[in-house]
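Student: There's a structure below that I have some questions on.
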Amino acid sequence: MRKPRKYHPLTRLQWIIWTVLTCMFFIYALEEYQLSDAFNYAIHSSLSYALIIYGNALYLMPRLYRRKKYVAYFSIVIILLVLITYVRVQTQSYIWYVWIIKQHYHLIFRNYIYTFITNCLFYIFSIAFRFTLDYFKIQQQQQALLKQHAEAQLNLLKAQVQPHFLFNTLNNIYFVAQRESPLTADLIEKLSSIIRYFLEQGPHQEIPLTTEMDFIRNYIDLEKMRIRHPVKTTIEVDEDISHVRIPPMLLIPMVENVFKHGIDKRGKNNYITIRLQISDRLHFRVCNRIRPDHSQSNGTGIGLNNLSKRLQILYGDNYQLDSHKVEETYISNLTIPL
């Protein structure tokens, strides 16, 4: 069974307002016109005012005024008001004199002035209508963000079910593996650190940069175990970063992208070089050898697309994220303010 269509409250309100206005125009016209002519007058007036309101609010303001094309915007507005005024006066005069009185019609200049002023008033109302639309749009966006935040919190709570049980189990496996295979125990310890990072540091707005770098090192060590041949890894940190704090998981997508798209798992010459510099801004560079099959590009990862969206939210246009190739090396750079 099809569900009844739900209309937005603002849409229902518009239908009510236009119905009331049309009825008012109809009742006003009944003083001079017959029933059918009054109906035509009411419909004609409502359509002309609707053209002004919706033409300005839905087309002219978003496409011209919001893009700072002020000269073009006001020029078109004036032309639109004058044109609608002329058509309305001509049409109503023709209906009144030719259809009703059946005489040759003549125009009075004050009719143009009255109609033009009325159109200007509805133009002002269209500006308020545009702001109302923007207000409802902002409200919808805020509700969507609140819903996403609530879902994220719910997912986080689901992910944190019995974390103590998980860590206690990993610790037990670690102590057993330490006796049998120290290398396995070391990997379990790194995995435990990564899981703890997601659970404890992920929800925070900012974390120490040292914590982020430790997470990156653990991630690289675990990824290297999946590759047949050794991967030469170089991590250079020029400055003391103990005082620096950044949003969590901001740097890892660039490193993750290397292992997803840049590492040749069958090759022997893989390498990754990470350089972190701190000045008034944070500069993070990741370099890796380009894999032989050029069809798979480093820049196609979902992680980098999500990173770009996140950087836009956090810093607006005050950041730089770019990547390029230099001979056989692929270089990714990230610069953010501190």
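The values are calculated or read from the model by the stated rules, or taken from the named source; none is laboratory data. Since we're looking at a predicted model, the values are computed, not measured. Don't worry about glycine lacking a Cβ; one is built from the backbone with ideal geometry, like all the others, and counts go over all protein chains shown.
Student: Yes or no: the range 236-245 includes at least one residue that is under 20 Å from residue 308 (Cα atoms) and assigned by TED's automatic domain parsing to the domain that holds residue 312.
Tutor: Yes, the range 236-245 contains at least one residue that is under 20 Å from residue 308 (Cα atoms) and assigned by TED's automatic domain parsing to the domain that holds residue 312.
Student: Yes or no: the range 77-98 includes at least one residue that is in a helix (DSSP H, G or I), modelled with pLDDT of 80 or more and within 33 Å of the chain's Cα centre (by Cα).
Tutor: Within the range 77-98, one or more residues are in a helix (DSSP H, G or I), modelled with pLDDT of 80 or more and within 33 Å of the chain's Cα centre (by Cα).
Student: Can you name the residue in the range 31-50 that is exposed (fewer than 15 other Cβ atoms within 10 Å of the Cβ) and either hydrophobic (A, V, I, L, M, F, W, C) or modelled with pLDDT of 75 or more (or both) and, of all such residues, is farthest from residue 76 (Cα to Cα)?
Tutor: 35
Student: Give the range 211-249 a look and list any residue that's outside any helix (DSSP H, G or I) and of a type in the set (A, V, I, L, M), or say none.
Tutor: 225, 227, 231, 235, 237, 241, 244, 246, 249
Student: Mind listing whichever residues of the range 233-268 are surrounded by fewer than 15 Cβ atoms within 10 Å (Cβ to Cβ) and either touching a strand residue (DSSP E or B) at 6+ places or on another chain (Cβ under 6 Å) or hydroxyl-bearing (Ser, Thr, Tyr) (or both)?
Tutor: Listed by number, the residues that qualify are 234, 235, 236, 237, 238, 239, 242.
Student: Here's another thing I want to ask about it. Determine which single condition residue 255 fails, assuming it passes every other condition in (1) in a strand (DSSP E or B); (2) under 13 Å from residue 217 (Cα atoms).
Tutor: (1)
Student: Then there's this: Within the range 55-83, can you find the residues that are surrounded by 14 or more Cβ atoms within 10 Å (Cβ to Cβ), closer than 23 Å to residue 115 by Cα and out of contact with any Phe, Trp or Tyr (no Cβ under 8 Å at 6 or more places or on another chain)?
Tutor: Scanning the range 55-83 gives 55, 58, 76, 80.
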